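Report on the following structure.
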Amino acid sequence: MKKNKLSTRSVVAIGIGAAVFLILFKFIAIPTGIPNTQVNVAQSWLSLLTVIFGPLVGFLVAVIGHSLNDAISYGSIWWSWVIADGIYALIFGLLIKKAQLLEGKLTTRKAWYFNLGQAIANIIAWTVVAPILDIFIYSEPANKVIVQGLLSTVINIISTAVIGTALLGIYTKNKVQKGHLVKED
């Protein structure tokens with residue numbers, strides 16, 4: 001019977017990934033003018049980690065990193081958006097799991113697949129999950145959270161398309177591919 005436990009590599013990735021996510025989330029954000037909604041590069045970092053380590057690691061990085069940011073920045077955790085961030089990583093990771101995005105170079109086809117997956121995951125997380133949880137958990141006005149969710153969806157899709165695709169391209173270009181290392185005699 002095979003046990004589904006996290007490898008040491010995954011645990012380290014979660015710790016480092018969540019710390020970098022927190023730093024990016026807290027210090028590299030551009031306000032949009034809509035309350036509590038900003039352009040954030042942490043989403044692109046989360047997308048890259050999810051491609052590299054899978055949906056579970058991505059989910060945990062998002063939940064831990066976002067929770068820490070909320071606790072440090074606001075003194076409490078806004079669970080609806082923490083959960084939505086985790087759901088984003090989980091859905092995205094499941095959608096791209098078999099795409100082999102890290103095999104070889106980043107082709108146009110792989111970039112399209114990456115961006116289709118992140119767009120679908122962003123739409124579900126930010127136009128469905130976050131607003132519904134905001135309404136049910138915090139009794140937020142529907143019109144407010146729908147605007148926030150739609151804006152977050154658009155911002156995350158665009159920023160992940162630009163920054164996330166660039167990060168994925170850099171990673172795949174610099175990653176040593178299988179069969180490229182030769183043992184010297």
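The values are calculated or read from the model by the stated rules, or taken from the named source; none is laboratory data. The shown structure was predicted, so the numbers you read here are calculated from the model rather than taken from an experiment. Reconstructed Cβ throughout: ideal geometry from the backbone, glycine too, with neighbour counts over all protein chains shown.
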Item to check | residue 67 over 20 Å from residue 155 (Cα atoms), part of a helix (DSSP H, G or I) and modelled with pLDDT under 95 | outcome: no
Next on the checklist: Condition first: among the hydroxyl-bearing types (Ser, Thr, Tyr) and modelled with pLDDT under 95. Now tell me which residues in the range 131-158 satisfy that.
Outcome noted: 152
Item to check | Residue within the range 143-158 that is touching a strand residue (DSSP E or B) at 6+ places or on another chain (Cβ under 9 Å), under 23 Å from residue 28 (Cβ atoms) and not polar (S, T, N, Q) present | outcome: yes
Checklist entry - In the range 30-50, which residues are aliphatic (A, V, I, L, M), in contact with a Leu (Cβ under 7 Å, 6 or more places away or on another chain) and in a helix (DSSP H, G or I)? => result 42, 48
Next on the checklist: Based on this model, can you work out whether residue 47 counts as hydroxyl-bearing (Ser, Thr, Tyr) and within 12 Å of the chain's Cα centre (by Cα)?
Outcome noted: yes
Next on the checklist: Can you pull out every residue in the range 75-129 that is within 13 Å of the chain's Cα centre (by Cα) and polar (S, T, N, Q)?
Outcome noted: 115, 118, 122
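The rows are residues; the columns are (1) more than 26 Å from residue 144 (Cβ to Cβ); (2) charged (D, E, K, R); (3) surrounded by fewer than 21 Cβ atoms within 10 Å (Cβ to Cβ).
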residue	(1), (2), (3)
41	no, no, yes
49	yes, no, no
70	no, yes, yes
82	no, no, no
86	no, no, no
100	yes, no, yes
103	yes, yes, yes
107	yes, no, yes
134	no, yes, no
